[in-house]
Amino acid sequence: MRGIGVVPISRQGGTLGAAATSGWWDNNGAIAGCIAAYQPKGAASYAASKINLANPGTHNLVDGAAWPAWAAGTGWTFAGAGPNQWLDSVTLFPDTTAQAWSLACQFANGVFVGGTGWYCPVGSYDFPGGSQRFYVFPAKVGLQHRYGNTDHLSLGVQIANGNMIVAGRNGYLNGVLEAGIMPAVVGAVSTVSLSIGAMHDAAVAPPGMTHFFQGDVIAVSVYTATLTAPEVATVSAAMAAL
């Protein structure tokens, strides 16, 4: 297994390599609440790509039983079901109690099998202990995409490239608010950590990973606050520019 050694990290717009605690994920400090930000695209190395830029040393990612390919120009490339590759935050347990957290993911080159599969680039689902959902699905059965924060919002069309952002009970595609809103549901703190490349599911036998993503993950960020529409637009545009 590859190591997760800490190396310095830089801001957006170059090779990640000088310690940064602000950048695209919080608009250089203007957006509050970011507890995790990962940017494999442009990272100095595979090890550097797993460091939490928002707070290096906390919620750094570790390899699953198998892990993605990495290249500075594309980020992490996951191969889908079969290799069953993932990265695990280990210590980042989404709090869906008040549906107030936010999650953003930039991805590309999604490969989906018609309307028959589920493909999750980042997610956590605490079931049957509750229905603590916290994820984005660019593709799911029924030729749809889905946002999850305790409850969920599903919409037509699968998304192979772009970014999806959960902000409270709202879902945004490439910075634009989607129709509909998730039902108001009281959740709890998840018992399963947030994972990238697959959904971490409490109902699945250990290691509990399912719905493996096939494609590139470019960036992921997590917030303990509900991003406003202008903040979503800012983060979305910054992710798209990576």
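Return the pair list, or none, for Cβ contacts closer than 6 Å from residues in the stretch 99-125 that are closer than 20 Å to residue 235 by Cα and touching a residue at least 12 places away in the same chain (Cβ under 8 Å) to residues that are of a type in the set (Asp, Glu) and surrounded by 20 or more Cβ atoms within 10 Å (Cβ to Cβ), at least 6 apart or on different chains.
Filtered contacts from the stretch 99-125: 108/216.
Looking at (1) at pLDDT below 95; (2) of a type outside the set (Ser, Thr, Tyr); (3) crowded, with 21+ Cβ neighbours inside 10 Å; (4) more than 27 Å from residue 50 (Cβ to Cβ), which is the one condition that is false for residue 156?
Residue 156 satisfies all of (1) at pLDDT below 95; (2) of a type outside the set (Ser, Thr, Tyr); (3) crowded, with 21+ Cβ neighbours inside 10 Å; (4) more than 27 Å from residue 50 (Cβ to Cβ) except (3).
For residues that are among the β-branched types (Val, Ile, Thr) and over 30 Å from residue 22 (Cβ atoms), scanning just the stretch 182-224, find the one that is surrounded by the fewest Cβ atoms within 10 Å (Cβ to Cβ).
That would be 186.
Taking residue 45 as meeting all but one of (1) under 21 Å from residue 20 (Cα atoms); (2) under 17 Å from the mean Cα position of the chain (by Cα); (3) among the hydroxyl-bearing types (Ser, Thr, Tyr), write down the number of the exception.
So the condition that residue 45 fails would be (2).
Here is a yes/no grid of residues against (1) modelled with pLDDT under 95; (2) surrounded by fewer than 16 Cβ atoms within 10 Å (Cβ to Cβ); (3) not in a strand (DSSP E or B):
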site: 6; (1), (2), (3): yes, yes, yes
site: 10; (1), (2), (3): yes, no, yes
site: 99; (1), (2), (3): no, no, yes
site: 110; (1), (2), (3): no, no, yes
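Residue 134 passes all but one of (1) over 14 Å from the mean Cα position of the chain (by Cα); (2) assigned to a strand (DSSP E or B); which number fails?
With (1) over 14 Å from the mean Cα position of the chain (by Cα); (2) assigned to a strand (DSSP E or B) applied to residue 134, the lone miss is (1).
Quickly run through the stretch 40-55 and pick out the residues that are of a type in the set (S, T, N, Q) and over 12 Å from residue 71 (Cα atoms). Spell out how you get there, then give the answer.
Our first condition is that a residue be of a type in the set (S, T, N, Q); within the stretch 40-55, this holds for 45, 49, 52, 55.
The answer is 52, 55.
Here is a check on your reading of the model: is residue 163 of a type outside the set (A, V, I, L, M) and touching a helix residue (DSSP H, G or I) at 6+ places or on another chain (Cβ under 8 Å)?
yes
Out of (1) free of Cβ contacts under 8 Å to residues at least 60 places away in the same chain; (2) in contact with a strand residue (DSSP E or B) (Cβ under 7 Å, 6 or more places away or on another chain); (3) farther than 18 Å from residue 119 by Cα, the odd one out for residue 161 is which?
The one condition residue 161 does not meet is (3).
Scanning the stretch 71-86 for residues that are of a type in the set (A, V, I, L, M, F, W, C) and under 26 Å from residue 28 (Cα atoms), which turns out surrounded by the most Cβ atoms within 10 Å (Cβ to Cβ)?
76
I'd like to know if the stretch 148-155 contains one or more residues that are closer than 18 Å to residue 197 by Cβ, over 11 Å from the mean Cα position of the chain (by Cα) and touching a residue at least 40 places away in the same chain (Cβ under 8 Å).
no
If you go through the stretch 77-94 one residue at a time, do you hit one that is touching a Ser or Thr at 6+ places or on another chain (Cβ under 7 Å), β-branched (Val, Ile, Thr) and within 28 Å of residue 171 (Cα to Cα)?
First, pick out the residues of the stretch 77-94 that are touching a Ser or Thr at 6+ places or on another chain (Cβ under 7 Å): 86-94.
Right, trim to β-branched (Val, Ile, Thr) and you get 90-91.
Filter once more, so that each one left must be within 28 Å of residue 171 (Cα to Cα): 90-91.
Yes: the stretch 77-94 contains one or more residues that are touching a Ser or Thr at 6+ places or on another chain (Cβ under 7 Å), β-branched (Val, Ile, Thr) and within 28 Å of residue 171 (Cα to Cα).
The values are calculated or read from the model by the stated rules, or taken from the named source; none is laboratory data. Please read all numbers here as calculations on a predicted model, not as lab measurements. Methodologically, a virtual Cβ is constructed for each residue, glycine included, from the backbone with ideal geometry; neighbour enumeration extends over all protein chains shown.
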